[in-house]
Amino acid sequence: MGDAAHAESLEHEVYSRPFKVEPEFEFRQTPTNYRGFPDGDKLPDKMKVWLVQDTGKNYGGVVARSHGFTDSPDAEILALGFNRGKEYGAVGVGRHGNILQWGYSAPPSKMTQAGKNFFLNCICYVHRFDGKAPLVRRSSSHRMNAIRLAALIDRIKDESFFSSTFSPDLKKKYERDPNGLVQYYRDDFELIYRDRTFQIDNELKSLGINSNRSIDTLERLISLLKDDTHADTARLLLARYMNQSFESPAQWQSWLEANRDRIFFSDVGDYKFLVAPEGYLDKKEPVAF
C-alpha cells in the first residue's frame, strides 16, 4: 500500500471529531491486481482516492484482507487502502477491539493535513475501547477464500495446498474447470464452512436452511431438538457451530434467550456462533474537547 485511501466510509466519526478531516480527492487508474480477484472485472477504470501521506511511493504500507475482518462486532474498517497487492476493499486502517491497525508507513512530517487529523482522530476514537481486548483470534479462513482460491486451481501445483483447501473429490471434478468450482461455492455461499477443507453444509441444506451464520438458523436448530425426526441432525449441527453444549432443549432455549443480543457468528473464529461478554458492546462516551 502506498499513500492513498479509497474515498469510502467518510461518514464515520473519525473523519469529523475532534478534528475535521478534509481530504483532497483525485482519480487514479484502478490497480491491475484488483482485477485478479472475484468481481474485479466489475470495477471502474478509475477510482476516487485521497492522500493520507505524501511520499510519492506506492509501497511501504500494509493492508489486511477484507474478508473476515468485520465478522465479529469488535472490529470495523476505518479506511480502505489503495494498494498494489491485494483486493479492492483491503483494510488500510481498522480497529480490532482496543487495537488500532494503522497501515500507512510515513511519519507525521510526511502526512497530509487531512492524514494528520485522521490519525489523531483514530487515536482518540480507539481510546473509547480501552480494556476491551479483541473477541476473536483468527483460527480459520473466511468463506470468501473458497471462491478466491477456487479461481486459482489450474495455476497452483503444490499438492499440499489442495489437501488443506478442497476435498479430493472436488479437486478431481473441477481440476480443469476453475470457473465451475467458483460457481459451486457461489451457489451455496451462505452454507460454506471449513472442516480441514472448504465444505458445503448439506445437512443444513437438507433441513431447508439457507445460511449457517444467521441467528434464525440457531433458533431453528434449537427448535428442532424437540422434533424426533430431525433432533439428531440438529444436535450434530449445534456441535458443529457451537462451543456450548446442553443436555435438554429447554437449556438450549434458556441460553439463547439470555444471550440473544450478544450472539454473533465468525468464520475466522472457526465457523462458530460466539457470545460477546456482557457490557462489551457498550461504547464509552467520546472524550470532550
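The values are calculated or read from the model by the stated rules, or taken from the named source; none is laboratory data. Only a predicted model underlies this, so the values are computations on that prediction, with no experimental measurement involved. Neighbour counts are summed over all protein chains in view; Cβ atoms, including those assigned to glycine, are modelled from backbone coordinates with ideal geometry.
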Inspect the range 152-163 for any residue being touching a strand residue (DSSP E or B) at 6+ places or on another chain (Cβ under 6 Å) and under 26 Å from Ala90 (Cα atoms) and give the result as yes or no.
-> no
Just for helices (runs of 4 or more DSSP H) wholly inside the range 170-230: which have at least 3 residues that are touching a Phe, Trp or Tyr at 6+ places or on another chain (Cβ under 9 Å)?
-> 178-187, 215-224
Result of the Cβ filter at 6 Å on the range 186-212, keeping first residues that are under 29 Å from Asp228 (Cβ atoms) and partners that are of a type in the set (Ser, Thr, Tyr) and outside any strand (DSSP E or B), at least 6 apart or interchain, is Glu190/Ser211; Tyr193/Tyr271; Glu203/Thr233; Ile209/Thr217; Ser211/Thr217
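Those residues that are among the β-branched types (Val, Ile, Thr) and touching a residue at least 24 places away in the same chain (Cβ under 8 Å), I need them from the range 218-248; list them, please. If you could, list the steps in order and put the result at the bottom.
Step one: list which residues in the range 218-248 are among the β-branched types (Val, Ile, Thr), which gives 222, 229, 233.
Residues satisfying the conditions are Ile222, Thr233.
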Unique match (being in contact with a His (Cβ under 8 Å, 6 or more places away or on another chain) and under 30 Å from Gln29 (Cα atoms)) among Met111, Met144 | Met144
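Anything in the range 142-151 that is in a loop (DSSP other than H, G, I, E, B) and either out of contact with any strand residue (DSSP E or B) (no Cβ under 8 Å at 6 or more places or on another chain) or at pLDDT below 90 (or both)? List them, or say none. Working first, answer last.
At the first step, the residues of the range 142-151 found to be in a loop (DSSP other than H, G, I, E, B) are 142-143, 151.
Hits for the range 142-151 are His142, Ala151.
Test Gly97 against the criterion of being in the same structural domain as Gly36 (by TED's automatic domain parsing) and in contact (Cβ under 8 Å) with a residue 40 or more places away in the chain, and give yes or no. Lay out the reasoning, then the answer.
Details: in the same structural domain as Gly36 (by TED's automatic domain parsing): yes; in contact (Cβ under 8 Å) with a residue 40 or more places away in the chain: no.
No.
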Go through (1) out of contact with any His (no Cβ under 6 Å at 6 or more places or on another chain); (2) under 19 Å from Leu191 (Cα atoms); (3) not basic (Lys, Arg) and name the single condition Asp267 misses.
-> (1)
Restricting the range 152-169 to residues that are part of a loop (DSSP other than H, G, I, E, B) and crowded, with 17+ Cβ neighbours inside 10 Å, the one modelled with the lowest pLDDT turns out to be Ile153
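Out of all the residues in the range 231-267, which are assigned to a loop (DSSP other than H, G, I, E, B) and under 29 Å from the mean Cα position of the chain (by Cα)? Don't jump to the end; show me each part of the working.
Start the filter on the range 231-267 by keeping residues that are assigned to a loop (DSSP other than H, G, I, E, B), which leaves 243-248, 267.
The answer is Asn243, Gln244, Ser245, Asp267.
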Selection count, the range 133-148, where residues are buried (at least 20 other Cβ atoms within 10 Å of the Cβ) and within 28 Å of Pro108 (Cβ to Cβ) = 0
Test set (1) closer than 21 Å to Ala133 by Cα; (2) touching a residue at least 40 places away in the same chain (Cβ under 8 Å) - Asn58 fails condition number = (1)
Scan of the range 268-289 for residues that are buried (at least 17 other Cβ atoms within 10 Å of the Cβ) and more than 24 Å from the chain's Cα centre (by Cα), ordered by number = none
So Ser109 clears everything in (1) part of a helix (DSSP H, G or I); (2) in contact (Cβ under 8 Å) with a residue 12 or more places away in the chain except one condition, right? Which one?
-> (2)
For the range 1-105, please list each of the strands (runs of 3 or more DSSP E) lying entirely inside it that holds at least 2 residues being hydrophobic (A, V, I, L, M, F, W, C) and under 28 Å from Phe273 (Cβ atoms).
-> 75-80, 99-102
How many residues, within the range 101-123, are within 24 Å of the chain's Cα centre (by Cα) and surrounded by fewer than 18 Cβ atoms within 10 Å (Cβ to Cβ)?
-> 2
